[in-house]
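What follows is a single structure, written as structure tokens, with notes after it.
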Amino acid sequence: MKKSWIILLFISHAWSGDWRVTFKDQCALEGTSVLIGCEFDYPRGHLVTSVAWFRGQRLSDRWVLYSLSTQVRFNYVGNSRGNCSLAINNLNRADEGHYFFRFKTVFNSWTSMRPLHLSVKELTAVLEPSTVTEGQEVSLSCWSGCATRLQVVWYRDGTPVPRQVFSASIKDSGSYYCTVLGQKIQSASVALNVQYAPSDVLLSMKPAGDVLNASAVTLGCSSHANPPVPQSGYSLYKDDQLISSGRDHIISPLQPRHSGLYHCQASNNISRRGVTYVSSSGMNLDVQYLPSVAEGSSVNVTCSSTANPANHSHIWYKWTNSSSLLQMGSGQVMSLPSMETSQTGMYLCQTRNRLGVVSSTKVLLAMEDDTSGGRSLQVLVLAGLGVCLFGILVIALLLLWNKLRNKAEKKGATRAALKSRGLLILALNQAQVPAQHVSPAASENQHDNIYANVSLSTPPTHPPPHILSKQQHAIDEHDEVTYSTVTIKAKHRQESRFKMEEHDETVIYSNVANSS
């Protein structure tokens, strides 16, 4: 009786409706599974014989349907009594499109009037902003493009992120992605770039170890920063004084003056608590140098040791060129009264007690290098010689210049005098020279006046005035005129007194002959 009642219900349901298929468009995430709900109905008196889903492709004004019966990821989970649901596993982007449902009865077949549209989306992670400065707020959001609300979980480099809004710190840098709770899907990763000022600023030295005089070292500055500190962002200081900029600083050769306290500063233009430049801890550079003494000075080298029982002997040795030891003396102190070049080298001492012998470390005893002093003296001597030679050259030039100037002045004076005499002789040649009268008063002022006849060894005729001017001009053009054969004839003193005009001056005449 119960079984018949169920069959009657089934028959009643099968024959109770009209032709229809009902479903809703779906949106799902790539990589997930989706269940498409569907219902269908048909008129009374029909019996469903087959059901199927098809993929539809629009060509012009009609749809072309492709069966999904061979697609293993597509599973029909409905029945033939009104449920036409479809399950699709592991969705991919190619599954997006239009789908139709069709069923057949013993009397007819029916295909859904419109297609079902399936949208396949991917999960997307968003960081706002994606580049921040340390301390800035960051917001995480995850969306799929579908209208359904998702329950998502955030991860940073595989570690769960408890909050979707937080204040960024250095440790928050990394790759972020989101997942859907209960689903094995995740978004593409996005990077959060947290920028911060330099930290862990360190000053190092290469090579490490003892720093010896005349060797070379490289001081390098490093830090942890984002963005990295550029070359120009590093500065090196010695005793708080800036000495260079850049990541590395080479000191070669090392000198004792390079000893001091060094530190470096780093900056990438991002401040931390208002501080832009971050300093390293200080590093003390102690340049070691070998002991040296001046030639001729005295040296005492002491050997110190502790032992039980106490040492009872100390012996000093020097390494020779053949790598053998040469004994130099005994006693705790080795004295060298006058240091010589032959005494330089490597020394060590050996101490002995009844239990055995122990050698000290080797020490190099060197003499001061006076090369620089000798070179300086040589430079000073050469400089002094140069100054002396320059002074002598200047004095010689001055004397030569003075001599040439005097000669030129003397030559000019001689030329002027000779020209004057030539003019006078030419003038006197035009007329007879009368006897000159000298007043008794004048004779009293002139005790030894000498008078003579003046004549020229020129033609007896006297040129006219215009010829005289030409001759004068000719004489002026000569550079130098030489006169010779000068004779002076003395007259009796008592016959040589004549009266002269008051405005005349005493004139001495001589017989001059022109040799040109």
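The values are calculated or read from the model by the stated rules, or taken from the named source; none is laboratory data. Note that this is a predicted model, so its numbers are computed, not measured. Cβ atoms come from the backbone with ideal geometry, glycine included; neighbour counts cover every protein chain shown. Side chains are part of the model used for accessible areas, which takes the heavy atoms of the whole protein and leaves out ligands, DNA and RNA. Shrake-Rupley method; radii C 1.70, N 1.55, O 1.52, S 1.80 Å.
For this structure, a couple of remarks:
- Inter-label distance for Ser305 and Glu340, nm, one decimal - labels placed 7 Å from Cα along Cα-to-Cβ: 2.9 nm
- Order by protection proxy (mean Cβ within 10 Å, highest first), peptides 395-405, 87-97: 87-97, 395-405
- Residue pairs, from the table Lys24/Lys121; Lys121/Lys184; Lys171/Lys206, whose Cα atoms sit over 23 Å apart: Lys171/Lys206
- For segment 175-191, backbone phi angles converted through the Karplus equation (6.51, -1.76, 1.60; θ = phi - 60°) give residue-by-residue couplings of 9, 10, 8, 10, 10, 9, 4, x, 10, 8, 10, 8, 6, 5, 6, 10, 9 Hz, Gly and Pro being listed as x.
- Area accessible to solvent at Glu134, 1.4 Å probe radius, in Å²: 80 Å²
- Working from the Cα coordinates of segment 140-220, the gyration tensor eigenvalues give, after taking √(5λ), semi-axes of 49, 12, 10 Å in decreasing order.
- The mean accessible area for residues of segment 13-149, using a 1.4 Å probe and ignoring ligands and nucleic acids, is 55 Å² per residue.
- Length released on extending from Cys27 to Ser67, taking residue separation times 0.36 nm less the Cα-Cα span: 12.3 nm
- Segment Gln151-Arg273, length gained on full extension (0.36 nm per residue, minus Cα span): 40.1 nm
- Solvent-accessible surface (1.4 Å probe) assigned to Ile392 amounts to roughly 110 Å².
- If you take all other residues with their beta carbon under 9 Å from the beta carbon of Leu91, and give Lys and Arg +1 and Asp and Glu -1, the sum is -1.
- The stretch between Ser189 and Ile243, if pulled fully straight at 0.36 nm per residue, gains 14.9 nm over its current Cα-Cα span.
- Between Phe107 and Ser130, the simple spin-label model (points 7 angstrom out along Cα→Cβ) gives 6.3 nm.
- Calculated FRET value between Gln327 and Leu355, using beta carbons and R₀ = 22 Å, to 0.05: 0.50
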